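What follows is one structure encoded as structure tokens, with my remarks underneath.
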Amino acid sequence: MSTPSANTLDTSHVLRDDRFEGQGGSNHEDRQKLHTKGWQVVSIPDNIETAGGKTFVRLTDNRHSTAIINLYPPGKRDEMHCHPGFEHLFYVVQGELHIYGINEGEDIVLHPGELVHINASYYYQLANESDELTVLYQVETKPAKPPKLTRYSYRGKDSLDAETLENG
């Protein structure tokens, strides 16, 4: 298993909360082709073209889940982190995505048409190690009760278990 170098984790001493970072703007409804009481219709290609330098574009935002486009330019790498109480699905639309975990066997490169489902409170790191743009379609579920933090950085094996941050 390949392991990300230690310098990719060096911001792990900082507690971050995605509710206050890079949410892709609050006008996700403006990006929808149709919004009714029960439906939200969006065009992924149209939203990729109009991202305007953003790497996180919120498409929908509902009570139990959110749909997002993630744009990873060559070399973009997240830190190892988890989202307490949130599950994530990442579907590769374009390019390739390297995903690292903290356990043996959690190291894979996904290509267009492939997806990964990450369980709630589970650590992962996404990286585009190619020379091409990577485009992901993401769905994240929301916990019934908001957790203390929505993002928690990995701090090593003796780190606080992310499940303790769930549901207050």
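Readers should treat all values here as calculations from the given coordinates under stated rules, not as data from a laboratory. Remember, predicted model here, so these are calculated numbers, not experimental data. So basically every Cβ, Gly included, is an ideal-geometry build from the backbone, and we count neighbours across all protein chains shown.
Some notes on this structure:
- Nitroxide proxy distance, nm - points 7 Å out along Cα→Cβ at His117 and Lys157: 3.0
- The Cα trace of the range 17-168 gives Rg and Dmax of 15.5, 47 Å, the first to one decimal, the second as a whole number.
- Burial order of peptide ranges 80-92, 48-60 (average beta-carbon count within 10 Å, highest first): 80-92, 48-60
- The order of the peptides 108-117, 61-70 by mean Cβ neighbours within 10 Å, most packed first, is 61-70, 108-117.
- Normalised by the number of residues in the range 6-155, the mean separation of alpha-carbon contacts (under 8 Å, six or more apart) gives a relative contact order of 30 percent.
- Computed E for Leu89/Lys148 - FRET, C-beta separation, R0 25 angstrom, nearest 0.05: 0.60
- Using θ = phi - 60° and Karplus 6.51 cos²θ - 1.76 cosθ + 1.60, couplings along the range 79-87 (whole Hz; Gly, Pro as x): 7, 5, 7, 9, 10, x, x, 9, 9
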